[in-house]
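Structure first, commentary second.
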Amino acid sequence: MVVVGAGQMGNGIAQMSLLAGYNVTLVDINDDFVGKGWNKIDVGMKKLESKGTLPEGSTAASLMEKCKKSTNIASAVKDADIMIEAVIEKMDVKKQVFKTAGDNAPSHCVLASNTSTMSITEMSKDSGRPDKCIGMHFFNPVPLMRLIEVIYSDHSSDESVNIGIEFAESIPCLRGKRYVAKVLKDKPGFICNRVTAPAQIYQNYVFDKALDEGFTWDQLDNDSRGGPMSMTVLADYVGIDTLYHGQIYYSQTLSPDFAPGKVISQLFNEGKLGAKTGQGFRDWSKGRPKPDKTAGKAKLYNLKFPLAIMVNEACRVLEEGITTTYKIIDDTLMAGMNMPGPMAANVKTWQNQVKVLEELVELTRKEYFKPCELLTSGKWVEYI
Ligand code: CAA
């Protein structure tokens, strides 16, 4: 198999594919990028070796021998059965990868994109094999997050999606059991990111308010303790550029309310992209930052709002036929973000969420937060 893009996502996908027993070619635009990705995998493999948790009969060296490096997509894919691209979230770059791979890979080779948001249908237009193009969306950090979403474009064949699902199920996860979600429609953000995306509209509102009112990120993070990472640390971890490009894409495809706020735009324009550049909201030069729990609270962020936002968006996901049950949505969120899904917990209390959303529209003037028809009718509880 071939992984195009040796960054954080790409090297994680390659490492887990090597552990599954596949021969992998890791591709990037220059030797330096490929070398860095390869070394990261090597470090990970050696760590597993020292713990004695590599697959039986293998060593870090024997697995790394199966990881080839390349800077040429055309030659890398010539014997491939599957290619997964994890390059920058720019449509024209991804389209070019699909075209080059489509022109050069064997006719049976499935071409997959690890995009977090973008249209697989559009990406695969010039591939010459749209029926063999699918989405395979991994979560960050790939070795530790259990979810892989396998996505139908408008033209993917059932056969290609089934190959993707079989491949995804064969990929180990270092923590917990792999969960593969089939995504039936090629809609922005698919399931997990779509359900959580509109919470970014609220976060942008809160980030900008915190800046305007002079609060620190520690104070803001103390408003939202609960998840495995605080709000600004997770934003840095995901990458400010990923958030920024995603919000632009959602603003063009879902609603203008998604447009990046002042804080995210400023960080992006200053190249403060988070963990990957050593600086974002936080300083990452000494490793993952630990927010100061004693700094007090900004009292700007209220957890009841993102919860209501997620319930509403999950109803839209059901309305649009992206998946079929609210249980799949809950399981997908747990596997992709280690966060309990919001639906089962709201079967009896959803009317409260309608009121919370109306309050949020008043507060932020963002129309996108208006409760959708499937939520207000209460009919979503039938999607079990
Ligand atoms: N190879 C080998 N071992 C590895 C490894 C690798 N590549 N990566 C991690 N490990 C090991 C670590 O060395 C560590 O080992 P020890 O326990 O022996 O020290 C172990 O795995 C656990 O690693 P961490 O200590 O880093 O893990 P943690 O307990 O701090 O948890 C976390 C980290 C899982 C990321 C947790 O903080 C979390 O769940 N955060 C939320 C992440 C999240 O929401 N991700 C989704 C983002 S959205 C997204 O990805 C979508 C998108 O499209 C952008």
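The values are calculated or read from the model by the stated rules, or taken from the named source; none is laboratory data. In this text, all values refer to a predicted model and were calculated from it rather than measured experimentally. Please note: Cβ atoms are built from the backbone with ideal geometry, for glycine as well, and neighbour counts cover all protein chains shown. With ligands, DNA and RNA removed, areas are computed over all heavy atoms of the protein, side chains included. Shrake-Rupley method; radii C 1.70, N 1.55, O 1.52, S 1.80 Å.
Would you mind stating whether D186 is within 21 Å of N114 (Cα to Cα), open to solvent by less than 60 Å² (accessible area, probe 1.4 Å) and more than 13 Å from the ligand (Cβ to nearest atom)? Yes; evaluated as a whole, the condition is true for this residue.
Of the residues making up the range 321-351, those that are of a type outside the set (F, W, Y), under 18 Å from K187 (Cα atoms), open to solvent by less than 40 Å² (accessible area, probe 1.4 Å) and away from the ligand (no atom under 13 Å from the Cβ) number 5.
To keep it simple, each residue is scored yes or no on (1) open to solvent by less than 10 Å² (accessible area, probe 1.4 Å); (2) in contact with a strand residue (DSSP E or B) (Cβ under 8 Å, 6 or more places away or on another chain); (3) not assigned by the TED database to the domain that holds S113.
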| site | (1), (2), (3) |
| --- | --- |
| F138 | yes, yes, no |
| P143 | no, no, no |
| D158 | no, no, no |
| I165 | no, yes, no |
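Going residue by residue through the range 288-302, is there one that turns out to be touching an Asp or Glu at 6+ places or on another chain (Cβ under 7 Å), surrounded by 17 or more Cβ atoms within 10 Å (Cβ to Cβ) and over 20 Å from I201 (Cβ atoms)? Yes; the residues of the range 288-302 include at least one that is touching an Asp or Glu at 6+ places or on another chain (Cβ under 7 Å), surrounded by 17 or more Cβ atoms within 10 Å (Cβ to Cβ) and over 20 Å from I201 (Cβ atoms).
Taken over the range 179-204, the residue count meeting the criterion of being part of a helix (DSSP H, G or I) and basic (K, R) is 1. Yes or no: the range 51-71 includes at least one residue that is closer than 24 Å to V238 by Cβ, within 16 Å of the ligand (Cβ to nearest atom) and among the hydrophobic types (A, V, I, L, M, F, W, C). No, every residue in the range 51-71 fails to be closer than 24 Å to V238 by Cβ, within 16 Å of the ligand (Cβ to nearest atom) and among the hydrophobic types (A, V, I, L, M, F, W, C).
Among what's in the range 31-54 and is touching a helix residue (DSSP H, G or I) at 6+ places or on another chain (Cβ under 9 Å) and of a type in the set (D, E), pick the residue that is farthest from V3 (Cα to Cα). Here the answer is E49. Here P371 fits the description: touching a residue at least 40 places away in the same chain (Cβ under 8 Å), under 26 Å from the mean Cα position of the chain (by Cα) and farther than 28 Å from M229 by Cβ.
Would it be correct to say that D208 is open to solvent by 10 Å² or more (accessible area, probe 1.4 Å), closer than 29 Å to P256 by Cβ and outside the structural domain of E89 (by the TED database)? Taking the combined requirement at face value, the residue satisfies it. Within the range 97-151, the set of residues being among the small types (G, A, S) and within 16 Å of the ligand (Cβ to nearest atom) comprises A112, S113, S116, S119, G135.
Taking V34 as the residue in question, decide whether it is assigned to a strand (DSSP E or B), open to solvent by less than 80 Å² (accessible area, probe 1.4 Å) and not small (G, A, S). No: the conditions fail for V34.
Just give me the residues in the range 205-230 being touching a residue at least 40 places away in the same chain (Cβ under 8 Å) and either part of a loop (DSSP other than H, G, I, E, B) or within 11 Å of the ligand (Cβ to nearest atom) (or both), in sequence order. Passing the criteria: E213, F215, T216, N222, D223, S224, G226, G227, P228, S230.
Annotation: Q266 fulfils all but one of (1) open to solvent by less than 40 Å² (accessible area, probe 1.4 Å); (2) in contact with a Leu (Cβ under 9 Å, 6 or more places away or on another chain); the unmet one is (1). Beta carbons closer than 8 Å, at least 6 apart along the sequence or on distinct chains, pair a first residue in the range 149-160 that is part of a loop (DSSP other than H, G, I, E, B) with a second that is of a type in the set (S, T, N, Q) for S153/S119; S153/T121; S153/S124; D154/T121; H155/T121; H155/S124.
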